[in-house]
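Here, each number is a calculation from the coordinates, and none is a lab measurement. A quick note: this is a predicted structure, and the numbers were derived from the prediction, not measured. Counting neighbours? That spans all protein chains shown, and the Cβs are built from the backbone with ideal geometry, glycine included.
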Amino acid sequence: MPRRAYRTAPNSRHSSSRICWERRWCRPTTGPEPRPTSPCQHDGQSIGTAQTAARGHVMRLTRYFLPVLKENPAEAQIVSHRYMLRAGMIKQQAAGIYSWLPLGFRVLRRIEEIVHQEQMRAGHIPILMPTIQPADLWQESGRYNAYGPEMLRIRDRHDRDMLFGPTNEEMITDIFRAHVESYKSLPMTLYHIQWKFRDEVRPRFGVMRGREFLMKDGYNFDVDKEAALHAYNRHMVSYLRTYERMGLTAIPMRADSGPIGGDDTHEFLVLASTGESEVFFDSAVTELKLGNRAVDYDNREEVAAVCREFTTLYARTDETHDAALFDAIPEARRKVARGIEVGQIFYFGTKYSDPMGAVVVNEKGERVPVHMGSHGIGVSRLLGAIIEASHDDKGIIWPEGVTPFPVGIVNLKQGDSAADAACEGLYAALAEQGLEALYDDREERAGAKFATMDLIGLPWRITVGPRGLEKGVVELTSRRTGESEEMSPAAAVDRVARVYRAHA
RNA sequence: CGGGGCGUAGCGCAGUCUGGUAGCGCGACGGUUUUGGGUACCGUAGGUCGCGAGUUCGAAUCCCGCCGCCCCGACCA
């Protein structure tokens, strides 16, 4: 597959004043082109969504594949798992292994896209390593025997030992040592978003703890510890921005190093009652926001200052909890809760570069092992975490940043020529704004359509019916607040477009 | 890996104890009706009862073996 320029960098043409809701399809993907019959037109000035509509690719529910369930599947215990099954986002194929159906796939791709954008904004370089790895590399690092039955070991037809990768430190180190010789090539951070496999004894909670999972993992290579710690800080800031764009408050917490080992590590936790970790924190930490502030990722002091801002207040998991420090927090701000881990960053120095011979020549002409760290974001797990953090008793409430469709159109009287025409008009007008709506054109009663929209959680709904059209109005409803407002179709389009401009 | 539970139609379940030609609700499909928060009625389709081997005239049901899935704990992104 030829390498195309990556088109979704934050400052590319896609970030013009118009919103290209389909730009998620515009980049090289990790698999086959999702829609090979309609090649992406979005690689330049021509924002393609309106053309998509003109080509007849209207997202009509009657032509889509959205197998929603009215009842809760028995196997799902937690709310995110239940809603992902009920909203037709995933289908379980084996314990901890899922197929991604269209709605779930769209969100997965959207989350992936945000991760890519923020990584590249920080200057990190995307690559793609394989899912299957030779065992040799792991024997070299000494982890082949150290890793337990969690690692899925495979033997190929030539009786060679292979494995389905649970992580990629060895492989990235191998790539690095093959091609990089000098400190002049540094700093360098390579990352990829790829499927991993860990043969958990007991997978559960749907995609929150599957065996197969999609993860972004990145690895920095630096000439000394100071430079590597800047890479660590840079990752922390990029992660803060990544999670905020997904509508999450993810708190960096000092953590144990765990099996990857190393000196410094923080986990990012999303607060949710179903979280696997107990967390202790100063409630003021949840008020911190990175927002849209400009951070120069090459400026060590500026990046470090942001990290200090976000890590000075007390916030720790039970592994590193210090009761004395915790008790020093004013009582009103002392919080104990549960959290879902959605990412982790490590600095581990020369742990892999030393045994595997990843060395560069420094300014003094000495051969020194590079200082490394690794940095992960649980991409598939994030869907579960976002739903845990954003739902009500009717269904999911997607944050605008990750929603599968920006807006839904509900036609209350299918077959009524005025209502049908108004819906088509709204769809086209939204497409003009780069917004791909989901149009519920089923022959269903209002209640059924509303219930489906509430379940799948699109943040905005435009309701069109003969009664309103007589007065020249449609209804715009916020999923989050439940508030509805009547306005002209043009005003509704304008309002929704303005909301999404902030998330472009 | 210890402990517990469950596999019967797409989903949720009854039937198993006490063996006798497989049921209910939802969903799907076709109609009638209805139409601003899962409308009502009529009809239709859909199941090797997880798999294998036994006992029996006869097994979803009893016996043996296996597989899968879920929950609690330990473990983990």
Please determine, in degrees from 0 to 90 and to the nearest 10, the orientation of helix A:300-311 with respect to the longest principal axis defined by the Cα atoms of chain A, where the helix direction is its Cα long axis.
-> 70 degrees
How much net charge surrounds A:Leu469 when only other residues with a Cβ under 12 Å from its Cβ are counted (Lys, Arg +1; Asp, Glu -1)?
-> -2
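Under the 0.36 nm per residue contour assumption, what length would be gained going from the current alpha-carbon distance of A:Tyr147 and A:Glu432 to full extension?
97.3 nm
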Compute the acute angle (0 to 90°) between the alpha-carbon long axis of helix A:489-501 and the principal axis of greatest extent of the alpha-carbon atoms of chain A; round to the nearest 10°.
-> 10 degrees
Order by neighbour count: A:Tyr427, A:Tyr144, fewest other Cβ atoms within 10 Å first, most last.
-> A:Tyr144, A:Tyr427
Between the Cα axis of helix A:379-389 and the main Cα principal axis of chain A, the angle (0 to 90°, nearest 10) is 60 degrees
Mind jotting down the three principal axis lengths of the range A:91-392 based on Cα atoms? Whole angstrom, largest first.
-> 59, 53, 36
Applying 1/(1 + (r/R0)^6) with R0 = 56 Å to the Cβ-Cβ distance of A:Ala328 and A:Ala446, what FRET efficiency is obtained, to the nearest 0.05?
-> 0.50
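Could you give the length gained by full extension between A:Lys225 and A:Glu485, i.e. 0.36 nm per residue of separation minus their alpha carbon distance, to one decimal place?
Details: separation 260, 0.36 × 260 = 93.60 nm, distance 5.65 nm.
Here the answer is 87.9 nm.
D for chain A, whole µm²/s, Stokes-Einstein with Kirkwood Rh over alpha-carbon pairs at 20 °C and 1.002 mPa s: what number? Kindly include the intermediate steps, with their values, before the conclusion.
Working: Rh = 24.4 Å.
The diffusion coefficient I find is 88 µm²/s.
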Provide, for chain A, the number of lysine pairs with alpha carbons under 28 Å apart, each pair being eight or more places apart or on different chains.
-> 26
Using alpha-carbon coordinates alone, the radius of gyration and Dmax of the range A:106-199 in Å work out to 15.5, 43
For A:Asp156 and A:Gln77, what does the FRET efficiency come to when R0 = 45 Å and r is the distance between their Cβ atoms, rounded to the nearest 0.05?
-> 0.75
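Counting other beta carbons within 10 Å of each residue's own, what order do A:Val499, A:Val342 fall into, fewest first?
Going from least to most buried by this count: A:Val499, A:Val342.
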Report the FRET efficiency, 1/(1 + (r/R0)^6), for A:Glu424 and A:Arg501, where r is their Cβ-Cβ distance and R0 is 25 Å, rounded to 0.05.
-> 0.55
Can you sort A:Ile456, A:Ile409, A:Ile111 so the residue with the fewest Cβ neighbours within 10 Å comes first?
-> A:Ile456, A:Ile111, A:Ile409
